[in-house]
Amino acid sequence: MSPTYRAAGTDLVMNISPLGLVELADEEFEVHGPRLNRYAINWALYLGHHWSHRREVGEHQHTSNFYRAFTDYMIRFTFGKGVRFATPEATGAIIPEVLHKVWEKDNYREAVLMEMAQQGAVSGDAFVKVAYEEPYVDPAGIPMPGRVRILPMNAAHCFPEWHPHDRSRLLRMKIKYRFWGTSLEGTRQVFTYTEILTDDTIEEYLNDELIDSRPNPIGIVPVVHIANRPVAGSPWGLPDCQDIISLNRQYNEVATSIADIINYHAEPITIITGAKASQLERGAKKIWAGLPKDARVENLEGGYQGLKSGLEYLELIKRTMHEMVGIPETALGQVQPISNTSGVALSIQFQPLMNVWEQKTTQYGLGIHRINELIIRTVAVKEPNALTWIDGVNSPLEPDQLEVLDPRDPLTYYTEIEFPPPLPLDKLIVLNEIQAKFQLGLESREGALRLLGEEFPKDKLIEIRDELREDAVADGALALIKTQIQSAIVAMTGMMTGPDGEPIPAPPPEPMDVTGDAVPDVMSGLGQQSPFPEIAMAEEEIRNTLLTKAYGTKLPQRSVARPDA
């Protein structure tokens, strides 16, 4: 379904192009026709087609696309900081790694979220399909592993069928669109592709001919529908800027009229009375003389009286559009004085926009939760080993966490979706609050990291502990070198460094123990066998690490001459 240049509400031309949908059944058009019309109107406006007619060549036709500016701002405001996933404690060692692999490695999370958000913000409905791409060998002979795909789809290509008494239950999904291809005769032609998905089967058709039929491996329709802004009693959603369509068009019409007034005064019409224009030389810095006695030459004036009121009306329309959408005028780059407005004051200033953000995050949070459920179902069928904890791949296993997840357990598929606050936070104020909670014993380190926006606080804590451990080993290696250097200096000079940094005589060496009754040195205890094997192994590892850090390894070295040497 592709909108043409003509996109007026009462004169919408639905151009059924070779790449659009064709031959919809009467029942399908009765059910889906109104929303397809709405999609066409909104996409036409988003793409800048605001006029239902063309002016003559050379006539200015002003178009300010506030519809797209507001829509893009709302998309970035909602999804600009991405989303975070939280899982129950029992599945916390496995599911985060599964979701990270699918969203970050198998798919590009930011691009998927932005495409999904754009479909929803413009069309009012977003459809996302989850599918599995089997392993294959590319033309270069490189084997490519299987992966789970997250596919945002064109809402105009999707024809869902819900349960008549439960709209949250999708019974059947038909995906239909056209594409260019090469026929068996080698000519280019348009093909119609249709895919029908149910809980039991998946069928694919090409030009109404069945080309593939297979069981549905996950037992549920792998498509999620997200209503951008829900409407009570309707399965369909509304776009973000539905209410400013007529205002944006009116703004462009008034702006075009103002541009005409300015153009008429910049290049006014010249009225000649009692003479012929052919007798007068045109151009700047020209002098006309010898005109007839009653001749008169003057410029047509008037019309500029409405310029001021027209500009005021434009400002009124623009302010009304901002109020209808909920985006403050300062959000789109309006010049404002520099201030140190606090985060709370900024939230109050952006309260209408925050109300819209809360509504959208509720809808998309539920949709992404269902997408994650389809992802885990697909992984459980296609890559069952991914639901088993693997040392070195998954995060360390906690006492309350499961080592193997059961695909029959509903807890395996449960995730929580968190949208980071879109407005900037006062980090210093947050840190002061966290410090006060620490002093009162009301906050943990993991909770503090969550307040600071850390997506994986447990992994961050492990990273901090590892870094502290590495720093302690490095400091110990440096202390070992300093101690041995000091011992060498004392042996050669008989002097040692005092507390103030000045050299002082070294104390005389202790007499040798000839009876064997002296107390052994504390350091000598490191060489004795510990009654606990684990402690002995840890001490041996510490000694080896310190020696390696201090003096390096004895591996052979090889130098390669540089070409410029």
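Derivation of every value follows stated rules applied to the coordinates shown; laboratory data play no part. A quick note: this is a predicted structure, and the numbers were derived from the prediction, not measured. We place every Cβ from the backbone using ideal geometry, glycine too, and count neighbours over all the protein chains shown.
Over the Cα atoms of the stretch 2-244, each weighted equally, I'd like the Debye log10 I(q)/I(0) at q = 0.08, 0.12, 0.18 Å⁻¹, rounded to two decimals.
-0.39, -0.88, -1.58
Cross-link partners among aspartates and glutamates for LYS360, C-alpha distance below 18 Å, same-chain residues fewer than 8 apart left out?
Leaving aside aspartates and glutamates fewer than 8 places away in the same chain, those within reach of LYS360 are ASP72, GLU110, GLU115, ASP125, ASP240, ASP243, GLU323, GLU416, GLU418.
About the Cα centre, and with charges only on the beta carbon of Lys, Arg (+1) and Asp, Glu (-1), how big is the dipole of the stretch 2-244? Nearest 20 debye, please.
Values: 24 positive and 32 negative charges, 178 e Å.
Using only the charged Cβ atoms, the result is roughly 860 debye.
I need the P(r) histogram for the stretch 162-274: all alpha carbon pairs, bin width 10 Å from 0 out to the longest distance, whole percents.
In order of increasing distance, the bins hold 10, 20, 19, 17, 13, 10, 7, 3, 1, 0 percent.
What ranking, highest mean first, results for peptides 372-385, 431-444 when packing means the other Cβ atoms within 10 Å averaged over each residue?
Going by the mean number of other Cβ atoms within 10 Å, highest first, we get 372-385, 431-444.
Once you have the Cα-Cα distance between GLN359 and LEU151, take 0.36 nm times their residue separation minus that, and quote the gain in nm to one decimal.
72.5 nm
For the stretch 86-177, what is the charge dipole size about the Cα centre, in debye to the nearest 20, if Lys and Arg each add +1 at the Cβ and Asp and Glu each add -1 at the Cβ? Each step should come with its number before you reach the end.
Working: 11 positive and 12 negative charges, 72 e Å.
Dipole of the stretch 86-177, to the nearest 20 debye: 340 debye.
If packing is taken as the average count of other Cβ atoms within 10 Å, what order do 30-37, 95-102 fall into, highest mean first?
Details: 30-37: 15.0, 95-102: 20.5.
In decreasing order of mean packing, 30-37, 95-102 become 95-102, 30-37.
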